[in-house]
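Visitor: Dropping the structure in here first, questions after.
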Amino acid sequence: MTAFSLEPAQLAWCAELRTLAAERLHPLADKGEPGHVNRALVAELGSLGLLGRLFTSGALDLCLMRESLAYACTEAETALALQGLGAHPVHAYGTETQRARWLPRVTAGTAIAAFALSEPGAGSDAAALELRAETDDSRGGRSSDTSPGGRSSDTPALAAAPDGPARWRLTGEKCWISNAPEADFYTVFARTTPGAGARGVTAFLVPADRPGLTGRGLDMLSPHPIGALDFDAVPVTADDVLGEADRGFRVAMGTLNLFRPSVGAFAVGMAQAALDATLAHTAGRDAFGGKLRDLQAVSHQVAEMALRTEAARLMVHAAASAHDADDPYVPLRSAMAKLLATETAQYVVDTAVQLHGARALQRGHLLEHLYREVRAPRIYEGASEVQRGIIAKELYARQEAR
């Protein structure tokens, strides 16, 4: 089916991406170890030129990439998305020096990026961040090259102090960070002004080998790496700031407004894969003297799956197009797209499992894989309840502005 008003070239590109994902990326994904960064897969994304498109394309192209890859290889989709999420703040808000150092390596797939926003007590409420960025003089001028550090508490690396004297020390914890603790650098959000809410947060580019930075992996339902980071007086300088000091919330929200519709695209790709599997299964499965599709209860469920999937796709594309057009209601549209698409994918995959029966619960079955993958997007980058809050807030703000 065609969706929205995609051009023939866009549809052909999506078909090409699905083929690449199935033939070149999926075999690499199968060789990866759950819970760890699959560097071979990321490198292949780089060699195919897909990582470079993260920074040269608009939101709609990002959505088309994520949906197409998710359809055939969710691991490849997630690896691409995490590179974009972690490095977009560098692309959009970084200095020329920061961009020159990291973006070529990100696009080549040789440096792993991570977006470090969530904390144990500040997940959806990003303004409640507690990771402290204390001025260095408040700590008695502690030397920046004596603290032990590393990429992971289990596999420490040589710690590198920042260029120049530290201006701040980061102290606290980040949690549920994708690609942690194996990323090569982190976009970290820390509180530079106590008691200032969203206005007192600064974004920092923190290489993984900074002294005092350690991490540990978390055993999660999703197969991609997720971990926690511990900051023990990690030194950062003015050269590590992304954007402006105390304006880091703008960096976070600007990144999330771009990526939230594409989370919806990821969800749509999974929903379409589940729908197509269900069409094939119900058309070929003998049941009660005919095919499973001949049962009205089944055919109506399949119709509902298709209806919701297409509606979600249209909303995702509309939100992405609004972002590319600098629509003033991007936060509203992004929240709507992410909410509808992720909730839809959960419904479609669950229904597909039900119609397939016990075979869909076997390890290695497509739907067993999708069932594990589809749950997390309703939580990360703003849970469904948070999206409803954003939608209501934006609607009332629009009403008051009339």
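The values are calculated or read from the model by the stated rules, or taken from the named source; none is laboratory data. Just so we're clear, the structure is a prediction, and the values are computed from it rather than from any experiment. Glycine also receives a Cβ, built like all others from the backbone with ideal geometry; neighbour counts cover every protein chain displayed.
Visitor: Could you tell me whether residue 69 is in a helix (DSSP H, G or I), touching an Asp or Glu at 6+ places or on another chain (Cβ under 7 Å) and within 14 Å of residue 262 (Cα to Cα)?
Guide: Values: in a helix (DSSP H, G or I): yes; touching an Asp or Glu at 6+ places or on another chain (Cβ under 7 Å): yes; within 14 Å of residue 262 (Cα to Cα): yes.
So residue 69 fits the description; yes.
Visitor: Give me a count of the residues in the range 6-64 that are among the small types (Gly, Ala, Ser) and not in a helix (DSSP H, G or I).
Guide: Qualifying residue count for the region: 5.
Visitor: Within the group 195, 217, 200, which residue is within 28 Å of residue 370 (Cβ to Cβ) and either free of Cβ contacts under 8 Å to residues at least 40 places away in the same chain or not assigned by TED's automatic domain parsing to the domain that holds residue 379 (or both)?
Guide: Details: 195 fails: within 28 Å of residue 370 (Cβ to Cβ); 200 fails: within 28 Å of residue 370 (Cβ to Cβ).
Of the residues listed, the single one that is within 28 Å of residue 370 (Cβ to Cβ) and either free of Cβ contacts under 8 Å to residues at least 40 places away in the same chain or not assigned by TED's automatic domain parsing to the domain that holds residue 379 (or both) is 217.
Visitor: Which condition does residue 326 not pass, out of (1) surrounded by fewer than 18 Cβ atoms within 10 Å (Cβ to Cβ); (2) more than 22 Å from the chain's Cα centre (by Cα), if it passes all the others?
Guide: (2)
Visitor: Kindly indicate the residue of the range 248-302 that is among the charged types (D, E, K, R) and part of a helix (DSSP H, G or I) and also farthest from residue 315 (Cα to Cα) among those meeting that condition. It would help to see each step written out before you state the result.
Guide: Of all residues in the range 248-302, those among the charged types (D, E, K, R) come to 250, 260, 276, 285-286, 291, 293-294.
Adding the requirement that they be part of a helix (DSSP H, G or I) leaves 250, 260, 276, 293-294.
On the way: 250: 24, 260: 12, 276: 20, 293: 28, 294: 31 Å.
Looking at residues that are among the charged types (D, E, K, R) and part of a helix (DSSP H, G or I), I get 294.
Visitor: Here's a check for you: in the range 76-125, which residue that is assigned to a helix (DSSP H, G or I) and charged (D, E, K, R) is nearest to the chain's Cα centre (by Cα)?
Guide: So in the range 76-125, the residues assigned to a helix (DSSP H, G or I) come out as 76-93, 96-108.
When the remaining residues are screened for being charged (D, E, K, R), the result is 77, 96, 99, 101, 105.
Values: 77: 9, 96: 25, 99: 20, 101: 22, 105: 19 Å.
Among those residues, the one meeting the criterion is 77.
Visitor: I'd like the residue in the range 372-398 that is of a type in the set (A, V, I, L, M) and within 30 Å of residue 73 (Cβ to Cβ) and, out of all such residues, is surrounded by the fewest Cβ atoms within 10 Å (Cβ to Cβ).
Guide: 379
Visitor: Next question, about the same structure. Let me confirm something: among 212, 254, 195, 248, which residue is touching a Phe, Trp or Tyr at 6+ places or on another chain (Cβ under 8 Å) and at positive phi? Quick ask: steps written out before the conclusion?
Guide: Values: 254 fails: at positive phi; 195 fails: touching a Phe, Trp or Tyr at 6+ places or on another chain (Cβ under 8 Å); 248 fails: at positive phi.
Sole residue among the options that is touching a Phe, Trp or Tyr at 6+ places or on another chain (Cβ under 8 Å) and at positive phi: 212.
Visitor: With the requirement that a residue be small (Gly, Ala, Ser), crowded, with 20+ Cβ neighbours inside 10 Å and in contact with a helix residue (DSSP H, G or I) (Cβ under 8 Å, 6 or more places away or on another chain), what does the range 244-275 give you?
Guide: If we filter the range 244-275 for residues that are small (Gly, Ala, Ser), which is where we start, we get 245, 248, 252, 254, 262, 264-265, 267, 269, 271, 273-274.
Right, trim to crowded, with 20+ Cβ neighbours inside 10 Å and you get 248, 252, 262, 264-265, 267, 269, 271, 273-274.
Within the range 244-275, 252, 262, 264, 265, 267, 269, 271, 273, 274 meet the criteria.
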